[in-house]
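No lab work stands behind these numbers, since they all come straight from the coordinates. Just so it is clear, the model here is predicted, and its values are computed rather than measured. Note that we place each Cβ from the backbone using ideal geometry, even for glycine, and neighbour counts take in every protein chain shown.
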Amino acid sequence: MLIGAHVSTAGGASKAIGRAEEIGAECMQIFASSPRAWKVPPMAESEVEKFKAESERAGMGPTVVHGKYLCAIGSPDPELVEKSVAALTAELQTATQLGALGVIFHPASHRGQGFEAALPQFTDSMKRILDDVPGETLLMLETSAGSGDHIGSKFNELAQIIRSVDDPRVAVCLDTQHVWAAGYNIADSGGLEETIKEFDSEIGLDLLRSVHANDSKRELGSSVDRHDNIGEGLIGSDGFKNIMGHSAFADVPFYLEVPGFEKKGPDAPNVEALKKIRG
């Protein structure tokens, strides 16, 4: 199990690798462009080559690209769906250029129309994205905390999407805080076993390809997305010992998305905390 973190690409994607090294990350997550703006500028080939060279020099583990927070392919608004498809397609193209493991994106909200009503449009959008960007780079659905009308807080919803898309490049990123907020008690050994059993039954453990490692500021089943530093939240260090000790996660990269002890994002103390738990 490799332990990494989300890091900034300010100054170019290749700069992210040094920042990951500074905090002791063994793999990393980045944005392809601003997560709060629709535009995804094409990456210069020179920057792609720098990124690959730096990754090789550092022995960096798999990179993942996080999709924009704006994207909502389950929305009833056609304009929003088209913008979301275009952005995710561009991000998947960038991830493919960089040789990244994949793009992780929030299923987001169905905006009140209901999951079943949104499902055909959602899966058609994913098919379009994958068809437009050939290759092996994954498109990963992130588990949701479940607030409002958000899709994917229950494994069965993700399973329905995956079956409908029917593409080997579709996988899942499990966010520890989100599944906790959705009511899966992963901090408890019995609860974790039940969670893993349900995930395997509904989705399949072979499709668990990444983990967002975040403690939680909110209680179990709150449906609220609020990350905390490792050991400072309600999952706690013992909860992460439980999670990281389970065989289901043995070969899955972990990416921190915590606030950081100085409120500047993932940092060395959080990386070290996970490394200590890993043992």
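Sorting the segments 101-111, 171-181, 201-211 by their residues' average number of neighbouring beta-carbon atoms within 10 angstrom, most packed first, yields 171-181, 101-111, 201-211.
Modelled this way, with points 7 Å down the Cα-to-C-beta line, the labels at residue 113 and residue 70 are 2.0 nm from one another. Computed from backbone phi, the HN-Hα couplings of the stretch 62-77 come to x, 8, 10, 9, 8, x, 5, 5, 6, 5, 8, 7, x, 6, x, 8 Hz, rounded to whole numbers (Karplus: 6.51 cos²θ - 1.76 cosθ + 1.60, θ = phi - 60°; Gly and Pro given as x). Residue by residue, the stretch 224-238 carries 3J(HN,Hα) couplings of 10, 8, 9, 7, 9, 5, 4, x, 9, x, 7, 6, x, 4, 5 Hz when phi is fed to the Karplus relation 6.51 cos²θ - 1.76 cosθ + 1.60 (θ = phi - 60°); x denotes Gly or Pro.
For residue 4, the residues 5 or more places off, or on other chains, whose built amide H falls under 5 Å of its own are 26, 27, 254, 255, 256. Only Cα pairs under 8 Å and 6+ residues apart enter the sum, and on that basis the relative contact order of the stretch 3-278 stands at 16 percent.
With a simple spin-label model that places each label point 7 Å from the Cα along the Cα-to-Cβ direction, the separation between residue 132 and residue 268 comes to 4.2 nm.
Across the options 76, 64, 271, the greatest Cα extent toward the positive end of the charge dipole of the chain (unit charges at beta carbon of Lys, Arg, Asp, Glu) belongs to 271.
A full extension of the chain between residue 38 and residue 238 corresponds to an added length of 68.0 nm, given 0.36 nm per residue minus the alpha carbon distance.
When the pairs 154/217; 127/154; 68/276; 68/127; 39/197 are compared against a 28 Å limit on Cα-Cα distance, 68/276; 39/197 fall above it. Averaging 1/r over every pair of different alpha carbons in the chain and inverting the result gives a Kirkwood radius of 18.7 Å. Extension gain, residue 224 to residue 45, is 60.4 nm, computed as 0.36 nm per intervening residue step minus the present C-alpha separation. Summary value for the stretch 41-105: 41 percent relative contact order, contacts being C-alpha pairs under 8 angstrom separated by 6+ residues. Put a plus charge on the Cβ of each Lys and Arg, a minus charge on the Cβ of each Asp and Glu, and nothing anywhere else: the dipole of the chain about its Cα centre is then about 560 debye. Along its first, second and third principal axes, ordered by size, the stretch 61-128 spans 39, 20, 19 Å in Cα coordinates. Under 5 Å between amide hydrogens, built in the peptide plane, is the criterion, and for residue 215 it picks out 228, 230 among residues at least 5 positions away or on other chains. Extension gain, residue 147 to residue 188, is 12.5 nm, computed as 0.36 nm per intervening residue step minus the present C-alpha separation.
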